[in-house]
Amino acid sequence: MVEQTDDLPRCDELTSYHGKRSPSSSGIYVFGAVRAGASGFLLKRTRPEELIAAVHTIAAGDALLSPSVTRRVIDRMARHPVPELVGTRELAELTRREREVLELMAQGLSNREIANRLVVEESTVRTHAKRLLAKLGLRDRIQAVIFAFETGINQPGGTMAP
């Protein structure tokens with residue numbers, strides 16, 4: 001994770017896990033890492049140029065997951081749905097458009113894709129995203145996606161709750 005402070009980039013932590021685990025268990029580790037504050041999660045097989053791009057992405061304030069990890073996380077959530085909805089009060093504070101942006105973020109769409117879908121400027125999507133993160137007390141897109149699934153806004157497979 002890289003954080004911008006006083007116009008000087010500061011690397012909080014880049015870490016690697018060397019324990020034994022199966023490839024299918026990566027999704028499980030992602031939840032713990034995100035809850036502990038991680039803004040990204042990549043597999044060891046990530047190419048050097050992808051790692052550099054990932055650091056730049058995190059430094060810009062965005063978040064990311066390796067595509068294969070994203071698939072595992074969604075599959076795991078499909079097998080283990082969250083038993084109770086949380087965050088109902090926070091959701092009530094979102095505008096209709098902020099909720100739409102959250103739903104589309106949870107489907108894995110980029111800001112550009114969301115802008116195209118909603119027929120707005122990309123800067124407008126960024127503004128909605130920043131506001132919804134602030135209202136929900138979330139740090140980044142990854143936490144927003146997890147929040148969307150935990151609250152039942154989005155269900156695995158892309159279906160949205162009413």
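The values are calculated or read from the model by the stated rules, or taken from the named source; none is laboratory data. These numbers come from a predicted model, not from an experiment. Reconstructed Cβ throughout: ideal geometry from the backbone, glycine too, with neighbour counts over all protein chains shown.
Please go through the stretch 97-125 and give me each residue that is over 28 Å from ASP75 (Cα atoms) and in a helix (DSSP H, G or I), ordered by number. Show your work before the answer.
Going residue by residue through the stretch 97-125, those that are over 28 Å from ASP75 (Cα atoms) are 119-124.
Of everything in the stretch 97-125, those that are over 28 Å from ASP75 (Cα atoms) and in a helix (DSSP H, G or I) turn out to be GLU122, SER123, THR124.
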Q) Which condition number in (1) more than 19 Å from LEU138 (Cβ to Cβ); (2) at pLDDT below 75 is the one that GLU49 fails? A) (2)
